Amino acid sequence: WVGVDIDKQIQFKQIQRKICDKIRNYSGMNLSLAGKIILANHVLFSALWHVVSVWMFDKHAIYTVKACIRGFLWVGNRKDNATAKVSWSTLIFPKSKHCLGLIDLGLQSQSLLCKVLVMSLLPENELWKTLIHNRSMLWGP
């Protein structure tokens, strides 16, 4: 993919820094919990989706981003720790089930990778498929 670094650890650190920087910019706003969740889903996580459609987000990276988001939701900034008022599983449960609907980073990462896998099985001969095939042949399964 264009714009995705070969070293995924460097890529994840850049994404984490971007998210934490964005949180610092939005921490001065007086947003409700629902407003913060909408902001997280549509603005803060937007930097992730391009990268996690190529690389699986590792557990440490997910934990770090979740910690930043947790601080933002409960305290309003990325550094301070606070006691959560709602469990994380309630936060990521869908709105259709009358919960808050925060996107689950690990599940979204797996979904985007599966989408790329399915698209790679389609018969069209596109350049990105050749690149993925060559990379997998070079580095092995």
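The values are calculated or read from the model by the stated rules, or taken from the named source; none is laboratory data. Quick caveat: nothing in here was measured; it's all calculated off a predicted structure. Quick reminder, even Gly has a Cβ in these numbers, built from the backbone with ideal geometry, and neighbours come from all protein chains shown. Surface accessibility is based on the protein's heavy atoms, side chains included, excluding ligands, DNA and RNA. Shrake-Rupley method; radii C 1.70, N 1.55, O 1.52, S 1.80 Å.
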Potential lengthening between C114 and N25 on full extension [0.36 nm per residue; Cα-Cα distance subtracted]: 28.7 nm
Å² of accessible area per residue within the stretch 15-68, as computed with a 1.4 Å probe and no ligands counted: 51
Per-residue ³J(HN,Hα) for the stretch 22-37, Karplus 6.51 cos²θ - 1.76 cosθ + 1.60, θ = phi - 60°, Hz, x for Gly and Pro: 5, 4, 4, 5, 8, 5, x, 7, 9, 9, 6, 4, 4, x, 5, 5
Distance-filtered residues of the stretch 50-73 - backbone nitrogen under 14 Å, label point 7 angstrom along E126 Cα→Cβ: 53-54
Using θ = phi - 60° and Karplus 6.51 cos²θ - 1.76 cosθ + 1.60, couplings along the stretch 42-52 (whole Hz; Gly, Pro as x): 9, 10, 5, 7, 4, 5, 7, 4, 5, 6, 6
Sequence-distant lysines (8 or more away, or on other chains) whose Cα lies within less than 17 Å of K59: K8, K13
